[in-house]
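Nothing in this text is a laboratory measurement; each read-out follows from the coordinates by a stated rule. Please read all numbers here as calculations on a predicted model, not as lab measurements. Quick reminder, even Gly has a Cβ in these numbers, built from the backbone with ideal geometry, and neighbours come from all protein chains shown.
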Amino acid sequence: MRLFVFVMALLLCAPAHAHVTANPDNGTAGKYFETKFRVSHGCEGSDTIAVTVRLPQGFVSVKPQPKAGWQIEIKKRKLDKPVPAGHGKMADEEFEEITWKGGKLSDVHYDNFGLLFKLPEKADTLWFPVKQTCEKGELNWAEIPTGEQKWHDLESPAPFVKVAPAEQAEHHH
């Protein structure tokens, strides 16, 4: 009985809004990776009209997935010095933000905003703050847990991707 009461208390305390999440949210260092940022509601009932994903530093190869009825805007920043971008190419700028805009996502529907990119060579947790712009208001999914905080305890947590180390060649005995 005590467990039931505890579970009911958890359900009653759960926030009324679902967070923006990256699906899938784990990949392998150095590999190409596709994820979709799921937007599952508007801003207190108002429809979503733009979604901006802010990329961690060091992303030089990013491809946003086109969406019917939406335009894609890409914002880049200059790098101090060119870095390898794969396939023998060098990049002198990195991706800063990808924005889908001009469409409309009803509050009663959900949608996914996809990105394809190369994960960094080292294992880490990467944060992708998302700004959700609605006809009325906006939501900033940008909080990153610190210290003892848990992701799901935050009111507006940023979506994340956990990068696992690539399997080392030495593992073969």
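Observations
- Between the Cα long axis of helix 2-13 and the first principal axis of the chain there is an angle of about 70°, rounded to the nearest 10.
- When region 16-163 is described by a simple charge dipole with +1 on each Lys and Arg Cβ and -1 on each Asp and Glu Cβ, the residue from Phe95, Pro145, Val20 located farthest towards its positive end is Phe95.
- Assigned charges on the beta-carbon of Lys, Arg, Asp, Glu; the chain dipole about Cα centre (debye): 340
- Estimated vicinal HN-Hα couplings, Hz - region 26-36 in sequence order (Karplus 6.51, -1.76, 1.60; Gly, Pro = x): 8, x, 10, 3, x, 9, 6, 8, 10, 9, 10
- Kirkwood Rh and Cα Rg combined as Rg/Rh, the chain: 1.04
- DSSP bridge pairs, region 16-163: antiparallel proportion in percent, nearest 5: 95
- Residues whose amide H comes within less than 5 Å of that of Thr21, counting only those at least five positions distant or on another chain, are Arg38 (H built at 1.01 Å from N in the peptide plane).
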